[in-house]
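The values are calculated or read from the model by the stated rules, or taken from the named source; none is laboratory data. Here the structure is a predicted model, which is why all the values come from computation and not from measurement. Cβ sites come from the backbone with ideal geometry, for glycine too, and all protein chains shown count toward neighbours. Areas reflect the complete protein model, heavy atoms only, side chains present, ligands, DNA and RNA absent. Shrake-Rupley method; radii C 1.70, N 1.55, O 1.52, S 1.80 Å.
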Amino acid sequence: MSIDYAERIPNNVHLAEDRRLQRALEAWQPHFLEWWKTLGPEGFQAKDVYLRTAVSVDAKGWASYGMVKMPDYRWGIFLADAAAERKIGFGDFYGQPAWQEVPGEFRATLRRLIVTQGDTEPASVEQQRRLGQSCPSLYDMRNLFQVNVEEGRHLWAMVYLLHAYFGRDGREEAEALLARHSGDADNPRILGTFNEPIQDWMSFFCFTYFTDRDGKFQLKCLAESGFDPLARSCQFMLTEEAHHMFVGETGIGRVIRRALEVMKELGSEDAEKIRAHGAIDLATVQRYINFWCSSSVDLFGSEVSTNAASYFANGLKGRPDEASYEEHRCLGTTYAIEKPREGDGIESEEVPMRNAMNEIVRKAYLRDCDIGVQRWNRVIKKAGVAFELRLPSERFRRAVGLWAGHHFDPSGKPVTPAEWDAHVHEWIPTEADRAFVQSLMRPVTEPGKMAGWIAPPERGINNLPVEYEYVRL
Ligand SMILES: [Fe+2]
Ligand SMILES: [Fe+2]
């Protein structure tokens with residue numbers, strides 16, 4: 001389905017044929033723009049940025065690139081094409097036709113799922129709003145803004161569903177999505193992680209690597225939903241989301257490459273010397289990974305969850321790549337989860353498969369996270385440095401689920417509270433680490449130039465050279 005750009009709201013959902021819905025969304029649009037101008041990227045709203053915009057929902061050739069001032073970005077409503085006679089792929093309604101309208105009995109639950117997903121999209125824009133001012137290059141600044149405008153579009157995707165399928169409650173929720181703000185004491189964003197400001201680019205790259213990847217897995221589960229408009233919205237969001245993870249993986253990769261270059265120059269692996277030379281040592285990179293991976297792992301929820309079981313049973317939220325599983329009802333089967341043993345130690349317990357859905361998705365997420373870690377390790381090994389980055393154990397620093405309230409080191413070994421206190425500075429970034437990283441955050445805005453703590457990217461955007469002026473200041 002092609003996208004109609006002649007409309008005020010670009011869309012491929014025949015919005016013009018539903019005057020009421022069109023008017024409602026056109027009334028929401030100025031509120032969105034107002035939000036974008038006040039809480040979107042600070043200081044660059046009037047600048048030309050080399051951005052991609054979706055022009056079709058085909059996997060190939062879906063985007064066009066050009067200079068755009070961010071408030072003029074064509075945010076719109078793009079759903080993946082409908083599959084003919086799509087069937088529900090899991091749970092109690094397995095094999096029945098997918099729903100084109102919201103089933104009454106699941107209305108409140110579906111609304112909550114959509115609102116929770118929708119809330120994270122503008123939250124991340126708010127968290128990242130000051131980062132442009134300390135960008136390591138124009139290339140990176142552009143990537144930040146690309147991620148930001150697409151998170152804005154993901155908000156549109158969820159707001160469309162709320163307006164189109166949830167009547168008055170949906171319209172109220174759409175307003176509330178612009179009223180909650182990241183870190184607001186009175187009206188914060190729904191999930192804790194999305195209320196922490198992101199003040200340095202190392203955190204931004206970790207956020208896009210780990211937290212956006214949580215988003216990817218949530219979207220993969222919702223892309224399986226029996227509620228077809230939600231599934232199709234999420235399928236197209238995933239196409240855009242891939243770039244966000246690319247920004248994270250290559251960003252961390254370039255920090256590592258720069259550290260390796262400096263080690264070679266200095267003929268030393270000493271962290272203090274590397275820092276004195278203006279690069280970020282690998283042990284600090286590992287601490288950032290430990291911090292962001294553990295906080296993102298919490299976003300999947302408790303290992304054993306009746307909510308997760310009922311989302312699956314009711315066909316609302318499937319497993320990522322549900323079609324790759326052999327069996328889709330998950331009745332009468334069990335899944336072995338690990339949990340803390342009364343007293344001490346760790347034990348295994350068989351729980352009904354449906355109740356373990358959060359854990360199943362978390363495991364798939366961690367496998368995906370590990371792919372980039374192994375790529376970074378190959379670069380480190382090739383440079384002849386004996387250092388291996390690792391994902392922390394899923395038991396490490398958990399605030400949600402079975403491991404919360406217990407102490408484990410990053411390898412997953414139980415430690416006492418005293419051992420935790422004595423070693424935590426080796427495991428997650430200290431105040432001094434954060435202050436050091438912050439001290440490096442000085443803007444570099446000459447085309448083609450890079451800050452001293454990060455290596456240049458291997459190539460530019462859309463076949464343009466790295467030196468291209470991606471943002472005209
Ligand atoms: Fe998103
Ligand atoms: Fe994202």
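Taking only C-alpha pairs under 8 Å that are 6+ residues apart, what is the relative contact order of the chain in percent? Intermediate results must be reported in sequence, preceding the final value.
Working: 780 pairs, mean separation 87.5, N = 473.
Relative contact order, the chain: 19 percent.
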Given 410-421, 440-451, 217-228, the highest-first ranking by average Cβ count within 10 Å works out to 217-228, 440-451, 410-421
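Magnitude of the Cβ-charge dipole of segment 74-226, K/R +1 and D/E -1, about the Cα centre, nearest 20 debye? Spell out each step's value before the answer.
Details: 17 positive and 22 negative charges, 50 e Å.
In debye, rounded to 20, segment 74-226 gives about 240.
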Is segment 289-350 best put as rounded, prolate or oblate by its Cα gyration tensor, with a ≥ b ≥ c the root eigenvalues, rounded for a/c under 1.5, and otherwise prolate when a/b is larger than b/c, oblate when not?
-> oblate
Starting from the amide H of W99, placed 1.01 Å from N in the peptide plane, find each other amide H under 5 Å away whose residue is 5 or more places distant or on another chain.
-> F227, D228
If amide H atoms are modeled at 1.01 Å from N in the peptide plane, then the residues at a separation of 5 or more from F408, or on another chain, having amide H under 5 Å from its own are R397, V415
Mind listing the long-range amide H neighbours of N11? Cut-off is under 5 Å, sequence gap 5 or more, other chains count too, H placed in the peptide plane at 1.01 Å from N.
-> D4, I77
Round to the nearest 10 and report in Å² the accessible area of D169, as given by a 1.4 Å probe over the protein chains' heavy atoms.
-> 60
Work out the P(r) tail for segment 148-276: percent of alpha carbon pairs separated by more than 20 Å, whole number.
-> 59
Carbon and sulfur atoms account, in whole percent of the 1.4 Å probe accessible area of the chain, for 49
With every protein chain present, what is the per residue accessible area of the chain (1.4 Å probe, Å²)?
-> 42
Against the 2.2 N^0.38 Å rule of thumb, the C-alpha Rg of segment 417-473 sits at a ratio of 1.76
Specify which residue in the list S295, S268, Y470 is farthest towards the positive end of the charge dipole of the chain, using unit charges on the beta carbon of Lys, Arg (+1) and Asp, Glu (-1), about the Cα centre.
-> Y470
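Which whole-number percent of Cα pairs in segment 346-417 have a distance greater than 19 Å? Before the final figure, lay out the partial values.
On the way: 1285 of 2556 pairs.
Tail of P(r) above 19 Å: 50 percent of Cα pairs.
May I ask for the net charge around E349, where only other residues with Cβ less than 13 Å from the Cβ of E349 are counted and Lys, Arg are +1 while Asp, Glu are -1? Display every interim value, and only then the final one.
Details: positive: K339, R341; negative: E303, E338, E342, E347, E350, E359.
Residues near E349 contribute -4 overall.
Placing unit charges on C-beta atoms (Lys and Arg positive, Asp and Glu negative, everything else neutral), compute the dipole magnitude of segment 338-473 about its Cα centre in debye, rounded to 20. Kindly include the intermediate steps, with their values, before the conclusion.
Numbers: 20 positive and 21 negative charges, 119 e Å.
Computed about the Cα centre, the dipole is about 580 debye.
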Starting from the Cα of R107, move 7 Å in the Cα-to-Cβ direction to define the label point; list residues of segment 305-327 whose amide nitrogen is under 19 Å from there.
-> 314-316
Using label points projected 7 Å from each Cα along Cα→Cβ, tell me how many nm separate R378 and A16, to one decimal.
-> 4.9
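With charges only on Cβ, +1 for K and R and -1 for D and E, what is the dipole size of the chain about its Cα centre, in debye, rounded to 20?
Working: 57 positive and 69 negative charges, 182 e Å.
So the magnitude is around 880 debye.
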For K47, list the lysines whose Cα falls under 16 Å from its own Cα; do not include residues on the same chain fewer than 8 positions away.
-> K37, K69
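Take the Cβ-Cβ distance between V55 and D321 as r, set R0 to 41 Å, and report the resulting FRET efficiency rounded to the nearest 0.05. List each step's numbers first, then the result.
Details: r = 27 Å, r/R0 = 0.66.
Plugging the Cβ-Cβ distance into 1/(1 + (r/R0)^6) gives 0.90.
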Quick one: plug the Kirkwood hydrodynamic radius of the chain (C-alpha pairs) into Stokes-Einstein at 20 °C, 1.002 mPa s, and report D in µm²/s.
-> 91
May I ask you to list the residues of segment 259-293 whose amide nitrogen lies under 18 Å from a point 7 Å from Cα along the Cα→beta-carbon direction of V424?
-> 287-293
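What FRET efficiency comes out for A435 versus A176 if R0 is 45 angstrom and r is the Cβ-Cβ distance? Round to the nearest 0.05.
Working: r = 36 Å, r/R0 = 0.81.
Taking R0 as 45 Å, the efficiency between A435 and A176 is 0.80.
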